[in-house]
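A quick write-up on the structure given underneath.
The values are calculated or read from the model by the stated rules, or taken from the named source; none is laboratory data. The shown structure was predicted, so the numbers you read here are calculated from the model rather than taken from an experiment. Cβ coordinates were reconstructed from backbone atoms using ideal geometry, including for glycine residues, and neighbour counts include every protein chain displayed.
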Amino acid sequence: MKLRKYWIATITAVILSVLIVIVSMISRPDTAVPESSLKAEESVLSSITLDPVNAELDETLNYVITAGDAQLYIGGIEEEINALIIDLDRPLPYGTVYQLYYSKDGSGWNESYSVLGRSQADSDLLVIRLPEAYYYDGLRLDIDANYTIEDIGIIKKGNEVYSGKSYLESVLKGRSPIPFRHFLITLAIILCEALLIAWKLESIKATLEKAKKNKAALIRTCVICLGCAVLGYVAWVLMYNMKLTNSSSGYTIFLYIDICVMIGLLAAHHRQIGISPEKGFIIIALGIGLLFAVLEPASSYLSYDDEIHYSRALRLSYGDTPYISEAEMKVAMRGAPNQITIENKETASQYLNGLHFRERGGDNNSEIVPYYAAVSYLPAAGAIWLTRILGFPFTSTFIAGRVGNLLCYAIVVYFAIKQLKFGKLFAGALCLLPTILFLAGNYSYDTFCIAFILLGICIWLGVYQNPQSRMTGEKATVMLIALVMGILPKTVYFPMTMIVLFLPKNRFSSKASSIRYRWAVIMTMGLLLFSIAAPFVIGNNGSTLYSDTRGGVNVDAKGQIAYILGNPMWYAGILLRSIFEIYFKPSSIMATITGCVRATAYVDAQGVAFPEMAAVVYLVIVFIAWLLSYDQYENYKAGIPIWIKLMTCVVSFGAICVAATSMYCGFTEVGSSSIGGFQERYLLPAIIPMLLAIRPAVYYDKEIRLNWLKTRVVYAEALIMLIGMWPFIKCFM
């Protein structure tokens, strides 16, 4: 019977994967230009005029930029054309952005009449498809790179530039390859989930039976949510009629409903929140996180590196293929406006939703999803994929991706807190930091790392906090999988795995299981280390994978590593000085702490940042949460020994050092005397688990009931979050 359920799970996974790939091919726009249309290309180089601006174009058509915003005007094309083909002497630098503006009937130049694209690594052709076959009275090409033109051609009206209505149709016609890689990625994900369900089938059945018995509680929660939603709508109507708000936007109505539902759920569960603070956490996390996810403009220029994270999630939602719609391309390349106003939200949404999906495709090939980071984009990619195949408009799919990221963080942390016997209130307060909820409400994978690392550490802590608990094979497996999932996207945090080594022998059922456990932890850490070294050892593209030239033109990961190995003591001094002087120096430590609490990336620059005073008050609430997170043991020896707490500090500091070193290698010019690009948010995946592990505990030999006070602390967290977010909220009132 056991073997049979695994076979059923495997066959089901294969069938589901095939269906998902087929649906993905139907929903994916066919943006590949067929070979037949390229054969119909006609050269127009001898009959057109080329007029450069902020650039020079010599007789050999060598184009050299002389100032910023270089442009090339192309005139004299007297045909109705489908596409423009520019043949260069060599491929442009990989991922170079180009934009073709077109004028129709003297309409002039603006973003609404333009096509975006990125260059390919192995092609010297720029094939730019226009939205329709038409007579364009002017074309303007913007490329921020030097190049030489060998030829310029056109595809006239009457020659197809789409190989089919969808990618599936193109595959069936034999014009495009079957996305076999997409199938393998999908199968790997579905198979893991199916086998996990088969493994825990009995537990799932028991949970469903328990849910059936508690129908009343589920129905009551649904009624409360519905009632609060109605109350929120009524509140908006009253405010609108009293002229206290002049916005009738759906986003404003959502704001009122979201806040009312959050307050209503907190009030409805006030008896349980003191006993189970994780319930208060998930209500506040979703309530506040949804404000960021839904109300922020559809722009990738709000959170740290969001254009990269969105591009990767988007590409993964298409099965790791590069072709995306014009609206998606604009957002992925920071082409959409990011002003936090209700007017911009409405205008930008209307504009982006108006860009037809199939008519104006772009290529997102510059951001290939790294194998070790793909898992962190699955929640967002899955939400984008689902809403897209259901026919939702673009802005809805963009918001859905943010919500998928937020749901993943909230649910994983909820179950992480449930693993703890003591310190739940403190853990919830730490995981509700405004910075973290802001990141969770966008496309950042930082929160994915924080959530799963925390889950792994909390499983270990839960066993340590309960003298009667034992580390079983099942717990150890889930713990290590959680740590691997949390660390793989940012493998620099691999030292955090070492913390779970410190578990006494009396927490195992036998000596043999203790030995197996420690070997499993060591092998897991070895696997994570190998994932870092593999691109350098077995590949020839390590420097490209890890170097971020935004740090300077001389950034070279391999060269920096060689420099460190040649000057280890000199670099150790730079590392320690940078960490202590910037983050842990008495004069700057408060700025570091408030930076961890209130950092909201590019939203800060728009004057809607989380106020510093609100961040200080929130820190006071966190301190109170620590005071109330007491332990209950019969004797002191049942707690975590001091030496393990010290080792936890050492390991966490080691993880911070490795993270800082990664920025020195990948973001700092070779030989620099400082570390560039290392921000406060990089401390959180190491600091939060460490604070939980080393939490000074107060021991009692009897139960002390402070549930009423704990509930008020959760209320205070929600209140200060809303007060701190007021500059943001009032933009949508």
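Tabulated data for the structure shown
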{"read-out": "From the options Cys408, Cys449, residue that is over 30 Å from Pro696 (Cβ atoms) and in a helix (DSSP H, G or I)", "value": "Cys408"}
{"read-out": "Residue match in the stretch 105-123 (condition: more than 20 Å from Met329 (Cβ to Cβ) and surrounded by 15 or more Cβ atoms within 10 Å (Cβ to Cβ))", "value": "no"}
{"read-out": "Qualifying residue in the stretch 376-398 (condition: assigned to a helix (DSSP H, G or I), of a type outside the set (Gly, Ala, Ser) and more than 22 Å from Ile20 (Cα to Cα))", "value": "yes"}
{"read-out": "Within the stretch 266-291, tally of residues that are of a type in the set (A, V, I, L, M), farther than 15 Å from Leu407 by Cβ and either in contact (Cβ under 8 Å) with a residue 12 or more places away in the chain or not in a helix (DSSP H, G or I) (or both)", "value": "4"}
{"read-out": "Condition met for Tyr493 (at pLDDT 85 or above, on the phi < 0 side of the Ramachandran plot and surrounded by 20 or more Cβ atoms within 10 Å (Cβ to Cβ))", "value": "yes"}
{"read-out": "Within the stretch 418-446, considering residues that are assigned to a loop (DSSP other than H, G, I, E, B) and within 20 Å of the chain's Cα centre (by Cα), the one farthest from Phe292 (Cα to Cα)", "value": "Tyr445"}
{"read-out": "Filter pass, Gly607 being surrounded by fewer than 18 Cβ atoms within 10 Å (Cβ to Cβ), within 18 Å of Ala686 (Cβ to Cβ) and either touching a Gly at 6+ places or on another chain (Cβ under 8 Å) or modelled with pLDDT under 90 (or both)", "value": "no"}
{"read-out": "Filter pass, Val412 being aliphatic (A, V, I, L, M) and modelled with pLDDT of 95 or more", "value": "no"}
{"read-out": "Test for Ala70: is it touching a Pro at 6+ places or on another chain (Cβ under 8 Å), in the same structural domain as Tyr136 (by TED's automatic domain parsing) and either touching a residue at least 60 places away in the same chain (Cβ under 8 Å) or acidic (Asp, Glu) (or both)", "value": "yes"}
{"read-out": "Output for the stretch 80-117, where each listed residue is touching a helix residue (DSSP H, G or I) at 6+ places or on another chain (Cβ under 6 Å) and within 17 Å of Ile155 (Cβ to Cβ)", "value": "Tyr102"}
{"read-out": "Members of the stretch 255-313 that are over 21 Å from Cys731 (Cα atoms) and touching an Asp or Glu at 6+ places or on another chain (Cβ under 7 Å)", "value": "Ile308, Ser311, Arg312"}
{"read-out": "Test set (1) touching a residue at least 12 places away in the same chain (Cβ under 8 Å); (2) farther than 30 Å from Glu343 by Cα - Lys200 fails condition number", "value": "(1)"}
{"read-out": "Test: Ile155 is modelled with pLDDT under 80 and among the hydrophobic types (A, V, I, L, M, F, W, C)", "value": "no"}
{"read-out": "Test: residue in the stretch 286-301 that is β-branched (Val, Ile, Thr) and crowded, with 24+ Cβ neighbours inside 10 Å", "value": "yes"}
{"read-out": "Every residue from the stretch 350-384 that is modelled with pLDDT of 85 or more and either more than 26 Å from Leu168 (Cα to Cα) or surrounded by 21 or more Cβ atoms within 10 Å (Cβ to Cβ) (or both)", "value": "Ser376, Tyr377, Pro379, Ala380, Ala381, Ala383, Ile384"}
